[in-house]
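The values are calculated or read from the model by the stated rules, or taken from the named source; none is laboratory data. Note that this is a predicted model, so its numbers are computed, not measured. So basically every Cβ, Gly included, is an ideal-geometry build from the backbone, and we count neighbours across all protein chains shown. Areas reflect the complete protein model, heavy atoms only, side chains present, ligands, DNA and RNA absent. Shrake-Rupley method; radii C 1.70, N 1.55, O 1.52, S 1.80 Å.
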Amino acid sequence: MRCFFVIQGEGRGHLTQALALQQALRAANHEVVGAAVGMPEQGSWPAFFTDAIAKPLTPLRSVSIITDTATGAVRPLATVGRGLRRVFFESEPLDTLQAAIETADPDLIVNFFEPMMGVLARKRGVTVPTVAVAHQYMFLHPGYRFPPQRWARRALTHWATHLTAWGTDACIALSLYPAPPASTAWLPDGVSLTVMPPLLRPSVRRLSPGNERASHVQAYLLNDSYAQQLMCWHHAHPQVPLRCFWRRDGIHTPEQVDSTLTIYPLSAERFIQSMAQARGLATTAGFESVAEALYLDTPVQAVPVPGHYEQLCNAYDIVRAGAGIRSNQFSLDALLRFIPHYVPDTAAYRARVQQMPAQLVEHLERVAGGEALSL
């Protein structure tokens, strides 16, 4: 089976999921013959992804989140406005994606929540069987619980998620907790929603929760605004050992700020090794980091990016799954109060995660063979 990946490039979750699936496909004697990846609005793809993903790697101008440079908050109107222009009025991204698929000549396309794949299927048609895989497809599940109020944002989220699944032959929703398969009007006729556990990297799945935790708390920072919040808290609580992983240009080696604070450049392997021993993790409410923390029995304080409705939904879901708490800022008092009361029971979750790669490959084989996934 020749597989081609289409991947949303924002954040690291879809990138690491693609790498995990690539390894599982190769282990089953299948081939990944290339990938098209949305370009992030700021910066570039991390080296751990570009070094490992199958080539050729095609950059794709796509929909991306626009944030305020000072605060890191999402600018919803600007994001939606530019996204609509790109989706409905620009042909260059579709030309690029179509040419990459035709060159690869795959038997199956796996779409990791890239909107341009859905638009291509809707506008021009795609004859290759396609499977959509992402946590965000849980938003289409009738049993999913959204945050209260915010009806307009909820409707927009439904529509945007639906857009990425246009033309798909199967849809896989990744979830922290089990849920039954479901039918939904948001998916193409005859396509059901299958819920599966997170698709974690092998390097995470090989780790076990630390029986004896180290003394440090870990943090994952995206911008200067979050760093300022955390530094203020650290100055008031210098006795708490703190390891900060900061996605910032110019940070290439660990920096020992003082006796209890170390700032690290973002390194996938160092991050998870440290998290496996950490007392707790303070992070933005991205799905992937929380799924990894739950696997490693590390309690989480989730701080949604302001204005980022998807992360707000994730923060509520984290509490529902028993993985941690949600907060509005990087002040760790609430996390330290929560840690003694965190009693994980993750054996079943870990077992599901271990089985996930082979289970997903089996689903892909069935779709490539023309077999519909039914309820």
Residue that is modelled with the lowest pLDDT [pool: residues in segment 233-257 that are open to solvent by less than 10 Å² (accessible area, probe 1.4 Å) and within 26 Å of the chain's Cα centre (by Cα)]: 245
Qualifying positions in segment 1-32 - among the β-branched types (Val, Ile, Thr) and either surrounded by fewer than 20 Cβ atoms within 10 Å (Cβ to Cβ) or assigned to a helix (DSSP H, G or I) (or both): 16
Residue ranges of helices (runs of 4 or more DSSP H) in segment 258-375 with at least 1 members open to solvent by less than 50 Å² (accessible area, probe 1.4 Å), among the hydroxyl-bearing types (Ser, Thr, Tyr) and closer than 24 Å to residue 16 by Cα: 268-275, 287-295, 309-320, 347-368
Any hit, segment 194-213, residues being over 17 Å from residue 293 (Cβ atoms), surrounded by fewer than 18 Cβ atoms within 10 Å (Cβ to Cβ) and small (Gly, Ala, Ser): no
Qualifying positions in segment 214-224 - surrounded by fewer than 20 Cβ atoms within 10 Å (Cβ to Cβ) and farther than 22 Å from residue 273 by Cα: 224
Residue list for segment 204-254, restricted to those being among the β-branched types (Val, Ile, Thr) and in contact with an Asp or Glu (Cβ under 8 Å, 6 or more places away or on another chain): 204
Residue match in segment 76-93 (condition: assigned to a loop (DSSP other than H, G, I, E, B), under 22 Å from residue 123 (Cβ atoms), touching a Lys or Arg at 6+ places or on another chain (Cβ under 8 Å) and modelled with pLDDT under 80): yes
Hits in segment 146-162 - residues which are buried (at least 17 other Cβ atoms within 10 Å of the Cβ) and at pLDDT 90 or above: 146, 161, 162
Breaking point among (1) open to solvent by less than 10 Å² (accessible area, probe 1.4 Å); (2) in a loop (DSSP other than H, G, I, E, B); (3) over 20 Å from residue 271 (Cβ atoms), for residue 188: (1)
Matching residues in segment 94-145 - criterion: being open to solvent by 30 Å² or more (accessible area, probe 1.4 Å), in contact (Cβ under 8 Å) with a residue 12 or more places away in the chain and part of a loop (DSSP other than H, G, I, E, B): 105, 107, 124, 125, 126, 129, 142, 143, 145
Selection count, segment 203-257, where residues are in contact with a helix residue (DSSP H, G or I) (Cβ under 7 Å, 6 or more places away or on another chain) and in a loop (DSSP other than H, G, I, E, B): 1
